[in-house]
Structure formats: structure tokens, C-alpha cells
Amino acid sequence: MKTALRRLWKSLMGATLALCLGLSLILTGCGSVTKTPSILTGDYAKDTIAISIRLKETIAMEQGTSGTEESGKEAIALIEDYMSIYRNRQKVNKLNSFTTMQTVLNSLAGHYRNFSNRPLPEELKERVNNELTKAEISLEREA
């Protein structure tokens, strides 16, 4: 009788330990990528201006200099954060400024994901700068 209780106790303890370990892995984000702190605040106008400025600084960097690859990764993280916050907001996603931002962010993220080892083409740099400026102007009109 004692041995049966011991076996039952051991199996319950093992199951409890496995459950606790599994929950801790799930809650701590076991395969999550280490992210830099986001500059986004939740205020659409401020976030749009902030991401526009940051991306203009990123594309202005000379390719091949130290930090360009890291800045590309940071740009992708910012783009993903921005889109995840504002894509599903009905009041925001119908604005001209958001549509413009979405187009330019998709282009830029596509380049950084697929061609991270290549410099940003001059045509794309110019287009991104123009579109970001256009989004800022649209944002001022919408306010």
C-alpha cells in the first residue's frame, strides 16, 4: 500500500513539475526574439511622425558602415510594431496618411527582409523619403 502511494505521489509530482515548467516557458515567451524597446506610444500622430523620422535616419545611413545591418533589423521591428498597432484600428486605417505609410513600410520591410545584405537602391531611398514626407503632410491635414 505504501509503495503504491509513493508511486502515485512521484507521478503527481512529476506531472506538476512538468506543468509548471511548461507554463513558465509559455508565459516567458520561450522562443521570442529579443526586441529593442519600442518608440511607439499609442498616439497615432506622434507614432507616425516618430517612425517616419527614424526610418529617414535609417535609410540615410551609408550601406556598409557599422550598424547598418542592425539598423535594418530595428527598422523591421519598428515597422512590425507600428503595423500591428494601427492596422486594425478602424479610425486610423482609412486615413490617407496610414495608407501611404502602409505602402512605404511594406516596400521598406520587403527590402530589408529579402535583401538585407544589399544596399538600398537610390530609387527606393528617394521613393521612401518622398512617401514618408507625403504621409507627414497628410497627417497634418487630417488633424
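The values are calculated or read from the model by the stated rules, or taken from the named source; none is laboratory data. Keep in mind that what you see is a predicted model, and the values were worked out from it rather than measured. All Cβ positions, even for glycine, are placed from backbone atoms using ideal geometry, and neighbour counts span all protein chains on display.
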Counting only residues in region 21-42 that are among the hydrophobic types (A, V, I, L, M, F, W, C), in a loop (DSSP other than H, G, I, E, B) and at pLDDT below 75, the one surrounded by the most Cβ atoms within 10 Å (Cβ to Cβ) is identified as 30
For region 83-112, pairs from a residue that is more than 13 Å from residue 45 (Cβ to Cβ) and polar (S, T, N, Q) to a residue that is modelled with pLDDT of 90 or more and in a loop (DSSP other than H, G, I, E, B), with Cβ under 7 Å and 6 or more apart or across chains, are 93/87
Exercise. Taking the condition crowded, with 16+ Cβ neighbours inside 10 Å and either more than 13 Å from the chain's Cα centre (by Cα) or farther than 17 Å from residue 45 by Cα (or both), does residue 75 pass?
Worked result: yes
Checked 45, 18, 4 against criteria (small (Gly, Ala, Ser), loosely packed, with under 10 Cβ neighbours inside 10 Å and either at pLDDT below 70 or part of a helix (DSSP H, G or I) (or both)); the one match is 4
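Here are 72, 67: which of them is on the phi > 0 side of the Ramachandran plot and at pLDDT below 90?
Details: 72 fails: on the phi > 0 side of the Ramachandran plot.
Checking each option against the conditions leaves just 67.
So which residues in region 101-143 are of a type in the set (A, V, I, L, M) and in a helix (DSSP H, G or I)? Outline the logic, then answer.
Taking region 101-143 and keeping what is of a type in the set (A, V, I, L, M), we get 101, 104-105, 108-109, 120, 124, 128, 132, 135, 137, 139, 143.
Within region 101-143, 101, 104, 105, 108, 109, 124, 128, 132, 135, 137, 139 meet the criteria.
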